[in-house]
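Bear in mind these aren't lab numbers, they're just calculated from the coordinates by the rules spelled out. All values reported here derive from a predicted model rather than from experimental measurement. All Cβ positions, even for glycine, are placed from backbone atoms using ideal geometry, and neighbour counts span all protein chains on display.
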Amino acid sequence: MIAHRFKYSCPRSAEEAAAELAQMEGEETAIISGGTWVVPEMSHHLRRPKLVIDLKLAGLAGVSAEADAVVIGPATTYTQLAHSKHTPNFLKKVVAGITGGSQIRNRGTIGGSACYANPASDIPGALVTMKASLHLRAHSSTRIVEAADFFLDANVTLLEPDEILESISIPSTNDENLFSYAKFKTAQGSWPIVTIGCIASEDGVARRVIVGGAGAIPFAVDLDGQESEDEVLQRVHAAMRQPWSDVFATADTRRHIAGVMTQRAVREIAAAKNGEKS
Ligand SMILES: Cc1cc2nc3c(=O)[nH]c(=O)nc-3n(C[C@H](O)[C@H](O)[C@H](O)COP(=O)(O)OP(=O)(O)OC[C@H]3O[C@@H](n4cnc5c(N)ncnc54)[C@H](O)[C@@H]3O)c2cc1C
């Protein structure tokens, strides 16, 4: 039960939402997209906002194709992403693996996941993999930031308190690439210990590996396509400067798993390119 009083508003646009945020002048406010994080936090008294801004009528859901990018509204649910013909193939693969059943798939949104920046979630790593741009809006300004710069730490992003995420742009060139995405979990419903996204050029050569779930933020290793498989693994291991150690896996285990998964990803893409079954 949510046991404190708060004002509730349902703005009709991103501009209206940003104007309402600006009026709060630092008072605690909660933006609700799908509410799958915010509402439980309010029920457990972890957040006591004075104002709740619900984005459900702000026109921020949907996927559209523009000249050189796919534009996704932050309030787009996983189910909507799965069914849109414009959703990039890599993102469709990521969304297909999201757990939590129909409640999470029908309520959870891409923008809510991006803004919450849970290190174990799939979306932060997916946005970095696809070189997405995030469009942020405050009352009297807008700015665009790259996904790789947006995630600062576990549950910390570049978003200022008076900003909302208004849209996400993903370069259309993503669908020209071959890719692989996998997560290593200890149980079907648990959070992943490591996720690996791998993007390859049309000739099946790996050009980018993104490691998620192993530390506070996802990170990318860009390749020039000349590296041997061993060199790719060395680059990934070298980039994993501070993998997490917790009850699920030590840092060494995470490093090892990331290496094995990277190797599998590179081989899976090469096999797919050659028409082999993996
Ligand atoms: C049982 C379960 C299983 C799950 N499994 C997975 C999984 O397999 N993979 C995975 O990646 N995730 C998983 N999740 C997490 C899920 O993806 C997130 O709960 C969901 O995407 C969050 O979206 P939301 O719209 O509900 O966020 P909300 O709760 O609405 O918002 C989350 C945060 O973002 C802020 N926010 C939301 N929208 C905006 C905006 N436009 N601008 C600024 N701030 C905003 C809110 O204020 C809040 O702080 C799971 C969750 C549960 C409960």
Pairwise label distance in nanometres, PHE248 with GLN263, each label 7 Å out on the Cα-Cβ vector: 2.3
With +1 on each Lys and Arg Cβ and -1 on each Asp and Glu Cβ, and nothing else charged, work out how big the dipole of the chain is about its Cα centre, in Debye to the nearest 20. 1020
I want to make sure I understand the PRE zone here: with the label point 7 angstrom from the Cα of LYS85 toward its beta carbon, which residues in segment 31-72 have backbone N atoms less than 19 Å away? 62-72
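Hey, got the dipole for segment 177-273? About the Cα centre, +1 on K and R Cβ, -1 on D and E Cβ, debye to the nearest 20?
Numbers: 11 positive and 11 negative charges, 74 e Å.
The dipole magnitude comes to about 360 debye.
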Would you kindly derive the ³J(HN,Hα) couplings of segment 153-166 from the backbone phi angles with the Karplus curve 6.51 cos²θ - 1.76 cosθ + 1.60 (θ = phi - 60°), listing them in order in whole Hz, with x for Gly and Pro? 6, 4, 6, 10, 10, 6, 4, 7, x, 9, 10, 10, 7, 9
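Stretch ALA272-GLU41 to full length: gain in nm at 0.36 nm per residue minus the Cα-Cα span?
Contour length minus Cα-Cα distance gives 78.9 nm.
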Tell me which lysines have Cα within less than 23 Å of LYS50's Cα, excluding those fewer than 8 residues away on the same chain? LYS7
How big is the charge dipole of segment 124-210 about its Cα centre, in debye rounded to the nearest 20, if each Lys and Arg gets +1 on its Cβ and each Asp and Glu gets -1 on its Cβ? 320
Towards the positive end of the charge dipole of segment 63-173, with charges on Cβ (+1 Lys, Arg; -1 Asp, Glu), say which of ILE104, MET130, ALA117 has the farthest Cα. ILE104
If I model a spin label at ASN118 and GLU28 as a point 7 Å from the Cα along the Cα→Cβ vector, what separation in nanometres do I get? 2.0
Integer Hz, Karplus 6.51/-1.76/1.60 couplings in order for segment 41-53, x for Gly and Pro: 5, 5, 5, 8, 6, 7, 10, 10, x, 7, 9, 10, 9
Dipole of the chain, positive direction: furthest Cα of ALA67, GLY35, ASN177, with charges on the beta-carbon: GLY35
Expressed in angstrom and rounded, the centroid-to-centroid distance over alpha carbons for segment 205-256 and segment 112-129 is 17
List the lysines whose alpha-carbon lies under 23 Å from that of LYS183, not counting same-chain residues fewer than 8 positions away? LYS92, LYS93, LYS131, LYS273, LYS277
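Output the relative contact order of segment 7-57, whole-number percent, from Cα pairs under 8 angstrom with separation of 6+ residues. Please list the in-between numbers first.
Values: 59 pairs, mean separation 29.1, N = 51.
It comes to 57 percent, rounded to a whole number.
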Explain nothing, just compute: Karplus ³J(HN,Hα) = 6.51 cos²θ - 1.76 cosθ + 1.60, θ = phi - 60°, for every residue of segment 14-29 in order, whole Hz, x for Gly and Pro. 5, 4, 4, 4, 5, 5, 5, 4, 4, 5, 6, 6, x, 5, 5, 10
May I have the convex hull volume per residue, in Å³, for the Cα set of segment 63-173? 97
Ratio of Rg to Rh over the chain (Cα coordinates, Kirkwood Rh, two decimals): 0.98
Simple spin-label model, 7 Å along Cα-to-Cβ: VAL71 to ALA187 in nm? 4.3
Amide H neighbours of ARG207 under 5 Å, at least 5 residues apart or on other chains, H built in the peptide plane: list them. ILE199, ALA200, SER201
